[in-house]
Amino acid sequence: MINVEKKNPYKFTLGFDKTKPTHVRAVEILNAVRDKADLIASAVVTHIDGGRTEEGAVLNQEALQIMMLELVKQEVEKAMQNYSSKQENVQVEEEIEKQKVSEFVLAPEVAKSVRDAMSAFRNR
């Protein structure tokens, strides 16, 4: 790790890579928060220390709202995927039923044989 003396060790400049999905999502979250430093500090400490925070530390309402919105978004995405899968299954089942019906169509020579047999039966 490079140890560079900084004028103010409490200030950082971050740049995000727009080609990385995690960076794009982080930018979306950060742009929705007023107190970015508090959110970043909580996230870093939680990530590195496994969830341990300072005694008495409480997430602010804004951070909780963002986490809740993210959870709701994830659940909605799961539900939409499940719904989409079910719709695809219904479409596949309908197509299978159509194929079964079309497979049931008799060949012309078989149909003629059936008609002849029925005709012979009626004439008795």
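The values are calculated or read from the model by the stated rules, or taken from the named source; none is laboratory data. Remember, it's a predicted structure, so these values are computed and weren't measured experimentally. Virtual Cβ from ideal backbone geometry, glycine too; neighbours counted across all protein chains shown.
In table form, for the structure just shown:
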read-out: Options ALA32, ALA26: the member that is within 19 Å of GLU70 (Cα to Cα) and out of contact with any Phe, Trp or Tyr (no Cβ under 8 Å at 6 or more places or on another chain); value: ALA32
read-out: Some residue of the stretch 108-120 being over 30 Å from the mean Cα position of the chain (by Cα), modelled with pLDDT under 75 and not in a helix (DSSP H, G or I); value: no
read-out: Qualifying residues in the stretch 9-30 (those that are closer than 20 Å to SER42 by Cβ and within 18 Å of the chain's Cα centre (by Cα)) - the one surrounded by the fewest Cβ atoms within 10 Å (Cβ to Cβ); value: THR22
read-out: Matching residues, the stretch 22-60, being at positive phi and either among the polar types (S, T, N, Q) or at pLDDT below 70 (or both); value: GLY51, GLY56
read-out: Residues that are surrounded by 15 or more Cβ atoms within 10 Å (Cβ to Cβ) and in a helix (DSSP H, G or I), drawn from the stretch 31-42; value: LEU39, ILE40, SER42
